[in-house]
1. Can you confirm whether Thr113 is β-branched (Val, Ile, Thr), surrounded by fewer than 17 Cβ atoms within 10 Å (Cβ to Cβ) and in contact (Cβ under 8 Å) with a residue 24 or more places away in the chain?
2. Hey, Leu11 hits all of (1) touching an Asp or Glu at 6+ places or on another chain (Cβ under 9 Å); (2) within 18 Å of Lys81 (Cβ to Cβ) but one; which does it fall short on?
3. Within region 16-47, track down each residue that is more than 10 Å from the chain's Cα centre (by Cα) and buried (at least 17 other Cβ atoms within 10 Å of the Cβ).
4. Do we have any residue at all in region 86-108 that's in the same structural domain as Leu32 (by TED's automatic domain parsing), in contact with a Leu (Cβ under 9 Å, 6 or more places away or on another chain) and of a type in the set (S, T, N, Q)?
5. Tell me yes or no: at least one residue of region 58-65 is among the aromatic types (Phe, Trp, Tyr) and loosely packed, with under 13 Cβ neighbours inside 10 Å.
6. Go through (1) over 23 Å from Thr4 (Cα atoms); (2) in contact (Cβ under 8 Å) with a residue 40 or more places away in the chain and name the single condition Asn92 misses.
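The values are calculated or read from the model by the stated rules, or taken from the named source; none is laboratory data. These figures come from a predicted structure and were not determined experimentally. Reconstructed Cβ throughout: ideal geometry from the backbone, glycine too, with neighbour counts over all protein chains shown.
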Amino acid sequence: MCMTDPVADMLTRIRNAQLAEKKEVKFPASNLKKAILKIVKDEGYVNDFQEKIVDGKLFLNVHLKYFNGEPVINTITRISKPGLRKYVSRNNLPRVMNGLGIAIMSTSKGVMTERSADLCGVGGELLCVIS
């Protein structure tokens, strides 16, 4: 099966698992997905994630986070898509819910949040928004 947008697939699996109140979700691993999940974990939106090998293939197993029975992630949206890439300059970095959410970007200095990109003074491709 050829997947055209693996990041969107990861975000959709997380969204669907939280709607079904699952404790964890797994999907195929990649370096970009690991970088995004590291940021999401550091920001406190998921409990943890780890790599597992199943039938010789590497998967990421994400432990979802809930607070008072509600998912911590309210919205998780893919912004830049394979058919229409969205780039932002360092002067036009987005603010998500006045700083209560995060925007994850792919920059020349690696994958980072919009706050880190502002501190580094770089722009890049806007991958997703989480609040």
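1. Details: β-branched (Val, Ile, Thr): yes; surrounded by fewer than 17 Cβ atoms within 10 Å (Cβ to Cβ): no; in contact (Cβ under 8 Å) with a residue 24 or more places away in the chain: yes.
When the stated conditions are applied, Thr113 does not pass them.
2. Result: Leu11 fails condition (1) only.
3. Ala17, Gln18, Val25, Phe27, Ala29, Val46, listed by residue number.
4. Just the residues of region 86-108 that are in the same structural domain as Leu32 (by TED's automatic domain parsing), to begin with: none.
No; the residues of region 86-108 include none that is in the same structural domain as Leu32 (by TED's automatic domain parsing), in contact with a Leu (Cβ under 9 Å, 6 or more places away or on another chain) and of a type in the set (S, T, N, Q).
5. We begin by selecting, within region 58-65, every residue among the aromatic types (Phe, Trp, Tyr); these are 59.
Going one step further and asking which of them are loosely packed, with under 13 Cβ neighbours inside 10 Å, we end up with none.
Among the residues of region 58-65, not one is among the aromatic types (Phe, Trp, Tyr) and loosely packed, with under 13 Cβ neighbours inside 10 Å, which makes the answer no.
6. Against the list (1) over 23 Å from Thr4 (Cα atoms); (2) in contact (Cβ under 8 Å) with a residue 40 or more places away in the chain, Asn92 comes up short only on (2).
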